[in-house]
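Heads up: the structure comes next, in structure tokens.
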Amino acid sequence: MGLSFSLSADTAQEQGLDLEPPVRMEEEMEVMEEREVEERVVEIEHPLPCLSESDTQGIIKGRDLFGYVGIEAVLDQMRRKTMKAGFEFNIMVVGQSGLGKSTLVNTLFKSKVSRKSCTPNYEEKISKTVHLQSVSHVIEEKGVKMKLTVIDTPGFGDQINNENCWEPIVKYVNEQYEKYLKEELHVNRKRRIPDTRIHCCVYFLPATGHWLRPIDVEFMRRLGKIVSIVPVIAKADTLTLEERLEFKQRIRQDLQANGIRVYPQKEYDEDAEDRILNDKIRENIPFAVVGTDKEHQVNGNKVLGRKTKWGIIEVENVAHCEFAHLRDLLIRSHLQDLKDVTHNIHYEAYRVKRLNESNANGLPHPASFYYVNKSLAHP
């Protein structure tokens, strides 16, 4: 027979028994439950490196992998495809006659790629209007092929009245965007759309030592909105080092005062590393350059340079001119970025503008008539 009994708190105290009231026991149980919850939370805060349904942004680094995966091999794949297919680079040179545009382009690519150089019996004639002419070459170096197109603008700035002389250039740039847009909107578009869009415009400033001319300001202000502009001081060897430094400072002041955007723009810097690199470039803009395709012996070595009565100006010597900085920007460090800015910024702005215009007028884009004609021809 079971025996049950209970003691009151007072009786337990008289008999020296430690009987805790029910409230205190409940409090301790709650504390223990809270500790268990905290331990579970700590475990959840340090999960294994895996992705859950609710978290698709997890980062699994090399030290967390079980072994070698081979992701880095994609770089070799991209390299092989690029070497096989090659790539395109379209550069426009703008400036009045006699500033050495053709010579500088030849110096950049170490070959006779300018229209003037590859045209037999070429005669320099001052055009009454601005005519845009292009010449293309395939340059191969260490297995990498590049289709280079150089667009020249003879007649620009050569007239007594240069009013609106930039309009044919603006029209040409936009026509290349339109051509690419039409190809992009085709139903059965090409696997690789030919790219004739201008990736960079090198603008030649005469070495006056003063300020920007009205034509310089107006051209760069208008073109800077639709293409990447890199200004250079042509034939900079006609200035002393002090004159060159002062001229560069005046030009930078003029660019800022007139709201002219030249490449590389600060708003396109992707990270701190880009910002540091591009800040150094922006400090040197405009580049004071000298171009030549002639070699001379200097201390037993052949160098590209211009011979003067004071000595030889070495083109690739940064102590003599800033050609090396321009070459590095256009080819060795920012060529792909120039193409990316053209596609993602300038072309995208044009594309959005054209599609918005079509929608506002209640009409399909002109390229869409291609679909109608094609469906009628092939029902």
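The values are calculated or read from the model by the stated rules, or taken from the named source; none is laboratory data. None of these values were measured; they are calculated from a predicted model. Here the Cβ positions follow ideal geometry from the backbone for every residue, glycine too, while neighbour counts run over all protein chains shown. The area values use the complete protein model at the heavy-atom level, side chains included, leaving out ligands, DNA and RNA. Shrake-Rupley method; radii C 1.70, N 1.55, O 1.52, S 1.80 Å.
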* Structure fact -> With a ≥ b ≥ c from the Cα gyration tensor eigenvalues, square-rooted, and the rule rounded for a/c under 1.5, otherwise prolate when a/b > b/c and oblate otherwise, the stretch 126-182 is oblate
* **residue 147 accessible area, assembled protein chains, probe 1.4 Å, Å²** => 100
* Peptides ranked, highest mean first, by Cβ atoms within 10 Å: ranges 91-97, 61-67 -> 91-97, 61-67
* For the stretch 252-333, state which chymotrypsin sites (Phe, Trp or Tyr not before Pro) are in a DSSP loop and have at most 13 other beta carbons lying within 10 Å of their beta carbon. => 310
* Could you tell me whether the stretch 146-285 comes out rounded, prolate or oblate from its Cα gyration tensor? Rule is a ≥ b ≥ c as square roots of the eigenvalues, rounded for a/c under 1.5, then prolate if a/b exceeds b/c, otherwise oblate. => oblate
* To do: Would you mind counting up the charge near residue 105? Only other residues with Cβ under 14 Å from its Cβ, with Lys and Arg at +1 and Asp and Glu at -1.
  => +4
* **Length gained when the stretch residue 254-residue 316 is fully extended (0.36 nm per residue, less Cα-Cα span)** => 19.5 nm
* Please report, in debye to the nearest 20, how large the charge dipole of the stretch 82-225 is about its Cα centre when each Lys and Arg carries +1 at its beta carbon and each Asp and Glu carries -1 there. => 580
* Structure fact -> Rounded to the nearest 0.05, FRET efficiency between residue 183 and residue 245 (Cβ-Cβ, R0 41 Å) equals 0.35
* To do: Would you mind counting up the charge near residue 329? Only other residues with Cβ under 15 Å from its Cβ, with Lys and Arg at +1 and Asp and Glu at -1.
  => -4
* the stretch 131-202-the stretch 231-269 distance, computed between alpha-carbon centres (Å) -> 25
* To do: Report the one residue of 202, 166, 144 whose Cα lies farthest in the direction of the positive end of the charge dipole of the stretch 127-202 (charges on C-beta: Lys and Arg +1, Asp and Glu -1; origin at the Cα centre).
  => 144
* **Anchor residue 142: lysines whose Cα lies under 23 Å away (excluding residues fewer than 8 positions away in-chain)** => 81, 84, 110, 112, 302, 339
* Calculated log₁₀ intensity ratio I(q)/I(0) where the Debye formula runs over C-alpha points of the stretch 248-306, q = 0.12, 0.13, 0.17, 0.19 Å⁻¹ -> -0.50, -0.55, -0.72, -0.77
* Which of 241, 227, 188 sits closest to the plus end of the dipole of the stretch 182-248, meaning its Cα is farthest towards the positive end, when Lys and Arg get +1 and Asp and Glu get -1 on the C-beta? -> 188
* Stretch residue 221-residue 193 to full length: gain in nm at 0.36 nm per residue minus the Cα-Cα span? -> 7.1 nm
* Structure fact -> Heads up, the stretch 167-220 by the C-alpha gyration tensor (a ≥ b ≥ c square roots of eigenvalues; a/c under 1.5 rounded, else a/b over b/c prolate, else oblate) looks prolate
* Within the stretch 223-303: Cβ-based charge dipole about Cα centre, in debye rounded to nearest 20 (Lys, Arg +1; Asp, Glu -1) -> 300
* Report the one residue of 344, 268, 324 whose Cα lies farthest in the direction of the positive end of the charge dipole of the stretch 255-354 (charges on C-beta: Lys and Arg +1, Asp and Glu -1; origin at the Cα centre). => 324
* When the Karplus curve 6.51 cos²θ - 1.76 cosθ + 1.60 is applied with θ = phi - 60°, which whole-Hz ³J(HN,Hα) does each residue of the stretch 328-339 get, with x for Gly and Pro? -> 4, 5, 6, 10, 8, 10, 10, 4, 5, 5, 4, 5
